[in-house]
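*Asks:* Quick one: the structure is below, and I'll ask about it shortly.
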């Protein structure tokens, strides 16, 4: 059984671009990071509202992988109902220029229609 790519950050058997992309691979991780960069700390449901096409299960999975990679922090507050906040770590914040470059490229090259 092979190890997930994220676990290979110390001695990644590939080029640096492949290693960097392994942190934000998939459909949702970059979008999640973008919303945390723009809006700051967010709760689970606030993130879910910003990503109407994502399922709860997929959002949970992506958040766990980003947390495991050290890109975001998860803070659980001992209240009823449960409150969980997600925020960028310094390592996650270091991706700001990359995520914003992707956003700028999208603004210039992709026509996006608002979802009603």
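The values are calculated or read from the model by the stated rules, or taken from the named source; none is laboratory data. These figures come from a predicted structure and were not determined experimentally. Every residue, glycine among them, receives a Cβ derived from its backbone with ideal geometry; neighbour counts consider all protein chains shown.
*Asks:* Does region 76-92 contain at least one residue that is surrounded by 10 or more Cβ atoms within 10 Å (Cβ to Cβ) and assigned to a helix (DSSP H, G or I)?
*Replies:* Yes, because at least one residue in region 76-92 is surrounded by 10 or more Cβ atoms within 10 Å (Cβ to Cβ) and assigned to a helix (DSSP H, G or I).
*Asks:* Identify, from the list 114, 87, 101, the residue that is closer than 15 Å to residue 31 by Cα and modelled with pLDDT under 95. Reasoning before the result, please.
*Replies:* Numbers: 114 fails: closer than 15 Å to residue 31 by Cα; 87 fails: modelled with pLDDT under 95.
Exactly one of 114, 87, 101 is closer than 15 Å to residue 31 by Cα and modelled with pLDDT under 95, namely 101.
*Asks:* Looking at region 45-70 only, could you name the residues that are touching a strand residue (DSSP E or B) at 6+ places or on another chain (Cβ under 6 Å) and surrounded by fewer than 17 Cβ atoms within 10 Å (Cβ to Cβ)?
*Replies:* The answer is 67, and nothing else.
*Asks:* Considering only helices (runs of 4 or more DSSP H) fully contained in region 5-58, which possess at least 3 residues that are at pLDDT 95 or above and within 22 Å of residue 104 (Cα to Cα)?
*Replies:* Output list reads 29-39.
*Asks:* Over 19 Å from residue 19 (Cα atoms) and without any contact (Cβ under 8 Å) to a residue 60 or more places away in the chain: is that true of residue 106 in this structure?
*Replies:* On the way: over 19 Å from residue 19 (Cα atoms): yes; without any contact (Cβ under 8 Å) to a residue 60 or more places away in the chain: yes.
For residue 106, the condition - over 19 Å from residue 19 (Cα atoms) and without any contact (Cβ under 8 Å) to a residue 60 or more places away in the chain - is met.
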